[in-house]
Amino acid sequence: MRLVLVGPPGAGKGTQAEFIAAHLALPKISTGDIFRANVAAGTPLGVEAKRYMDGGQLVPDEVTINMVRDRLADPDAADGFLLDGFPRTVPQASALDKLLADLGVGLDLVLELVVDDDEVIRRLSGRRTCRGCGKVWHIDFDAPTHEGVCDRCGNELYQRDDDKAETVSERLRVYARDTAPLVDFYGAQGKLVGIDATGPVEDVTVRAIDALRSYGG
Ligand code: AP5
């Protein structure tokens with residue numbers, strides 16, 4: 001299957017992508033994770049991306065599309081993938097359609113995680129990420145046993161720079177302006193299915209898997 005997860009910042013895309021990708025044995029491809037890995041490694045791509053990420057802005061389409069094109073050319077993505085955080089503009093979505101059409105394939109489904117802004121703010125203000133393995137925690141909803149320490153690998157947890165309150169507001173504005181139009185874009189293609197992404201993580205996963213199943217996943 002070739003799937004896309006779309007939803008506002010903090011909707012739980014990364015959290016659900018882990019479970020869905022494991023369930024369907026698909027590689028999870030997160031553009032946010034790829035950018036953050038490049039920032040951490042200090043690559044030229046990371047230096048450029050950081051300028052936008054820190055302010056809650058999107059990295060320019062051309063840079064992002066080229067990066068995804070390279071990633072989708074990796075052998076593990078040949079038979080399917082789960083995209084988390086891409087596309088997030090209409091030009092990115094059009095570029096993805098073209099890229100896949102050139103390969104003689106297409107997207108199967110776009111799963112939209114629906115949550116309101118208040119929930120986004122609650123989730124992002126309490127999110128903590130592991131410096132070692134990248135696992136995402138939440139100080140209230142999914143707290144590690146010892147504050148600030150990852151249960152999975154023992155490394156330190158940190159708060160993402162772009163999870164500060166003023167940056168979150170900007171990310172929400174950018175989402176409404178640039179990414180929300182994808183709902184109509186994919187709706188018109190008959191590929192969009194929206195699910196309620198509130199409530200416990202496991203409940204959202206069940207809704208997501210049910211939605212995929214009813215569309216043949
Ligand atoms: P990216 O990393 O993609 O950020 P995002 O879309 O803003 O999404 P987040 O990672 O913030 O949230 P999420 O939906 O994955 O939620 P999570 O599962 O962590 O992108 C970062 C930046 O990179 C962008 O701003 C941009 O600059 C750049 N970028 C990336 N892709 C780009 C692109 N295509 N084009 C241009 N620029 C791009 O969950 C959040 C928290 O909530 C966690 O603490 C989690 O534990 C908790 N949680 C999850 N589910 C639940 C639940 N059901 N109940 C309670 N808590 C929950």
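Things to note:
- With coordinates expressed along the principal axes, the C-alpha atoms belonging to the stretch 1-154 extend over 49, 34, 31 Å, beginning with the largest.
- Backbone HN-Hα couplings from phi across the stretch 142-148 [Karplus 6.51/-1.76/1.60, Hz, Gly and Pro as x]: 7, 7, x, 4, 10, 3, x
- MRE, 222 nm, helices only [DSSP H, n ≥ 4, -39500 (n - 2.57), over the chain, to nearest 500]: -14000 deg cm²/dmol
- At full extension, HIS23 and ARG69 could sit 14.1 nm farther apart than now, given 0.36 nm per residue minus the alpha carbon distance.
- The chain: relative contact order as a whole-number percent, Cα under 8 Å and 6+ apart: 29 percent
- Within the accessible area of the chain (1.4 Å probe), percent carbon and sulfur: 52 percent
- Under-20-angstrom lysine pairs by C-alpha in the chain, whenever the two are 8 or more apart or on separate chains: 9
- When Rg and the Kirkwood radius Rh are both evaluated on Cα atoms of the stretch 1-87, their ratio Rg/Rh stands at 0.96.
- Accessible-area value, ARG122, 1.4 Å probe, nucleic acids and ligands omitted, Å²: 120 Å²
- Stretching the chain fully between THR198 and ASP102 yields a gain of 30.8 nm (0.36 nm per residue, less the alpha carbon separation).
- Over the chain, accessible surface divided per residue gives 49 Å², non-protein components excluded, 1.4 Å probe.
- Two-decimal log10 I(q)/I(0) for the stretch 66-217, as the Debye equation yields it once each C-alpha is a single scatterer, q = 0.21 Å⁻¹: -1.40
The values are calculated or read from the model by the stated rules, or taken from the named source; none is laboratory data. The structure displayed is predicted, hence computed values, not measured ones. Side chains are part of the model used for accessible areas, which takes the heavy atoms of the whole protein and leaves out ligands, DNA and RNA. Shrake-Rupley method; radii C 1.70, N 1.55, O 1.52, S 1.80 Å.
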